[in-house]
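The values are calculated or read from the model by the stated rules, or taken from the named source; none is laboratory data. Predicted, not measured: the structure shown is a model, and the values here were computed from it. Positions of Cβ are generated from backbone atoms using ideal geometry, with glycine treated the same way; all protein chains shown enter the neighbour counts. Surface areas here come from the heavy atoms of the whole protein model, side chains and all, with no ligands, DNA or RNA. Shrake-Rupley method; radii C 1.70, N 1.55, O 1.52, S 1.80 Å.
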Amino acid sequence: MEVARHRTAMTRSDLSRPISTALVDGLLDPAQSIFDYGCGRGDDVRSLRDLGYAADGWDPNHNPEVTRTPAEVVNLGYVVNVIEHPTERADTLRSAWKLARRLLIVSARLTWEARDLIGVPHADGMITRAGTFQRFYDQNELAIWIEDTIGVRPLAAAPGIFYVFRDPVDAQQFLATRVYTYRPRVHVDPHQTYEAHRELLAPLFAFVTEHARPPRPGELGDSTEDTVRQVFGSLSRGHRLIRQVTDDAHWDRVSVQRRAELLIYVALSRFGGRPRLGELPTPLARDIRALFGTYRKACTQADRLLLACGDPAIVLVTARSSKIGKQTPSALYVHRSALAELPPVLQVYEGCARALAGTVVQANMIKLSVAQPQVSYLSYPSFDHDAHPTLDTAITVNLRRLTVEHRGYGRSANPPLLHRKEEFLGLDHPRRALYERLTRAEQRAGLYRAPERIGTLVGWLTTLEESGYEVRGHRLQRMAGSL
Ligand SMILES: C[S@@+](CC[C@H](N)C(=O)[O-])C[C@H]1O[C@@H](n2cnc3c(N)ncnc32)[C@H](O)[C@@H]1O
């Protein structure tokens, strides 16, 4: 059977998902080269060049004359799934990995994308109606195949997209940045000297807030450190002034938060094989020593946390006592912006799902099941502006079966919909009060009397209409003409 590989390359007007994911993850540096291996019609290369990146690409069908050269970042975007011979597929991955000095991005289409596709089975995939070959993968299957082929464990960036880092320190840096962070608001007492130098002290303030420890020489950058020294005599004196104008209790809370973040990171770092201390980025290693004394102590505590999140009884009790999120009989639902405020056990639970699936960029609601080891990433595109947003997609990660599944509601005439949006948010979220007011009004109007009816769009709209109400923005009002 003739396979039309060249026909797999589509014309792109936007960056491809793997490239935009890497961009959002801060992994593309304009000073570093990018090579697009199997670049198709070269749209990613062109867009990257327009954005100021040194990008080039090769494709055996569309751009064969370019020499394949090593680069800091190599992208192998949706190439492996169009190759029908498993040996050539593996050779292609190995060749791309050989060229990657710092990072290889590998992407392939996932099984759920094949649902509506009509084709004929061929080798380990299928021939589509366009005459192209497609091998669809399960998320975990793709990860295992990459590791077996090149001998390095990839990190899930997103469903269908993996990163393979050359240097373990870069891999750890990436993992550490994935832990959600939260810092309480700080009150600064009026103080003349502080006010006069507020801007100069801002980087020092930000560092202490992020790391929960003062910086070591060199960590703030030479020019900032020199100026702080000129004005205050030393970095420590600058730091002392910051402490003088703020409350000790604030910094205690910052330490508690940073300790939790580090534990969550160390717990989740187990998945790639626990890194040695020397494989940690220096600032991170310093944070761990400052807050735990030794890396070993942090590892012991982190392992306890990991063990706890695998215990259904602990997950249930922790979820039930969470101050954040909406409780239902089978799950705890949290808005993405509030994840960092969840108890550490639940953050590790969610982190285990993310280690498998990567980041689901469009998801703004996370459902932590307490009935089975399962986390769902739900996307409500209109959450911010719609008082009762409807569900568009759900990506469900099952931690026992190690599966990642997709379900779309976009075409449903009666999708699930949300009420009481404030319950999903963090305690000091600026829109809590607005959402609470609407909930109170809807309650007073008797609109929640039949909960089983209002959970989906049609039931909710009918309830509103029958009661003579409408929702405008985040306000409930009587419909024109109703009593
Ligand atoms: C689905 S397209 C993806 C193109 C591009 N990376 C993108 O994301 O738009 C697959 C591409 O893989 C190329 N290809 C096929 N066999 C290849 C191989 N052995 N090595 C590199 N590229 C190959 C095809 O020519 C085609 O352009």
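For segment 354-483, the Kirkwood estimate of the hydrodynamic radius, built from every pair of different alpha carbons, is 16.2 Å. Using every pair of separate Cα atoms, the Kirkwood estimate puts the hydrodynamic radius of segment 312-421 at 14.2 angstrom. Shape summary of segment 160-256, radius of gyration then Dmax from alpha carbon positions: 16.5, 54 Å. When both segment 269-327 and segment 344-378 are represented by their alpha-carbon centers, they are found 16 Å apart.
Packing, taken as the mean count of other beta carbons within 10 Å per residue, orders the peptides 281-289, 402-410 from highest to lowest as 281-289, 402-410. For the chain, the Cβ-based charge dipole about the Cα centre amounts to some 1180 debye (Lys, Arg positive; Asp, Glu negative; other atoms uncharged). In the distance distribution for segment 259-369, Cα-Cα pairs more than 17 Å apart total 56 percent. Which of the trypsin sites (Lys or Arg not before Pro) found in segment 165-231 are loop residues per DSSP with 11 or fewer other Cβ atoms within 10 Å of their Cβ? Hits after loop and neighbour filter: ARG185.
Please work out whether segment 161-210 counts as rounded, prolate or oblate from its C-alpha gyration tensor, where a ≥ b ≥ c are the square roots of the eigenvalues and a/c under 1.5 means rounded, while otherwise a/b larger than b/c means prolate and anything else oblate? Since a/c reaches 1.5 and a/b is larger than b/c, the shape of segment 161-210 is classed as prolate. Annotation for ARG166 and ARG198: the two label points, set 7 Å from Cα along the Cα-Cβ direction, are 4.5 nm apart. With 10 Å bins beginning at zero, the pair-distance distribution over Cα atoms of segment 363-404 amounts to 31, 44, 21, 4 %. The residue list PHE205, VAL254, TYR53 was ranked by how far each Cα lies along the charge dipole of the chain toward its positive end, using unit charges on Cβ atoms, and VAL254 comes out on top.
Using per-residue counts of other Cβ atoms within 10 Å, averaged over each peptide, order 189-197, 122-130 from highest down. All intermediate terms of the calculation are to be shown ahead of the outcome.
Working: 189-197: 11.8, 122-130: 15.6.
Top of the packing list down: 122-130, 189-197.
Segment VAL24..THR328, full-extension length gain: 106.1 nm, with 0.36 nm per residue of separation and the alpha-carbon distance subtracted.
Computed over every Cα-Cα pair of segment 5-166 and binned at 5 Å starting from 0, the pair-distance distribution P(r) comes out as 2, 9, 19, 24, 22, 15, 7, 2, 0, 0 percent.
Round to a whole number: what % of the accessible area of the chain belongs to carbon and sulfur, probe 1.4 Å? Write down the numbers at each step before the final one.
Numbers: 11980 of 23520 Å².
C and S atoms contribute 51 percent here.
Surface analysis of the chain yields an accessible area of 49 Å² per residue, using protein heavy atoms and a 1.4 Å probe. Label point of ARG478 set 7 angstrom out along Cα-Cβ; within segment 432-462, amide nitrogens under 14 Å from it belong to 445.
Would you please classify the overall shape of segment 192-246 from the alpha carbon gyration tensor, given that a ≥ b ≥ c denote the square roots of the eigenvalues, rounded means a/c under 1.5, and beyond that prolate means a/b larger than b/c while oblate covers the rest?
On the way: a/c = 1.63, a/b = 1.11, b/c = 1.47.
Since a/c reaches 1.5 but b/c is at least a/b, the shape of segment 192-246 is classed as oblate.
Starting from 0.36 nm per residue, how many nanometres of slack lie between GLN362 and SER255 once their C-alpha separation is accounted for? Before the final figure, lay out each step's value.
On the way: separation 107, 0.36 × 107 = 38.52 nm, distance 3.11 nm.
Gain on extension, GLN362 to SER255, equals 35.4 nm.
The count of lysine pairs in the chain that are at least 8 places apart or cross chains, and whose C-alpha atoms lie under 16 Å apart, stands at 5.
Shape call for segment 29-69 from the C-alpha gyration tensor, a ≥ b ≥ c root eigenvalues: rounded (a/c under 1.5), prolate (a/b greater than b/c) or oblate? Oblate is the answer for segment 29-69, as a/c is 1.5 or above yet b/c matches or exceeds a/b.
Of all the Cα-Cα pairs you can form in segment 95-246, what percent are over 28 Å apart? Intermediate values should be presented prior to the final figure.
Details: 5922 of 11476 pairs.
The share of Cα pairs beyond 28 Å in segment 95-246 comes to 52 percent.
Evaluating 6.51 cos²θ - 1.76 cosθ + 1.60 at θ = phi - 60° for every residue in segment 81-94, the Karplus couplings come out as 7, 9, 9, 7, 9, x, 5, 5, 4, 5, 4, 5, 4, 5 Hz, glycine and proline recorded as x.
Show log10 I(q)/I(0) for the chain at q = 0.06 Å⁻¹, two decimals, from a solvent-free Debye sum over equal Cα scatterers. Results for the chain at q = 0.06 Å⁻¹ read -0.35. If both residues of a DSSP beta bridge must be in the chain, then about 75% of such bridges are antiparallel.
Rounding to the nearest 20 debye, state how big the charge dipole of segment 312-421 is about its Cα centre with +1 on each Lys and Arg Cβ and -1 on each Asp and Glu Cβ. Numbers along the way, then the final one.
Values: 12 positive and 6 negative charges, 50 e Å.
Around 240 debye, computed over segment 312-421.
Using only the alpha carbon atoms of segment 430-478, find the Kirkwood hydrodynamic radius as the inverse mean reciprocal pair distance, in angstroms to one decimal.
On the way: mean 1/r = 0.0899 Å⁻¹.
Evaluated over segment 430-478, this radius sits at 11.1 Å.
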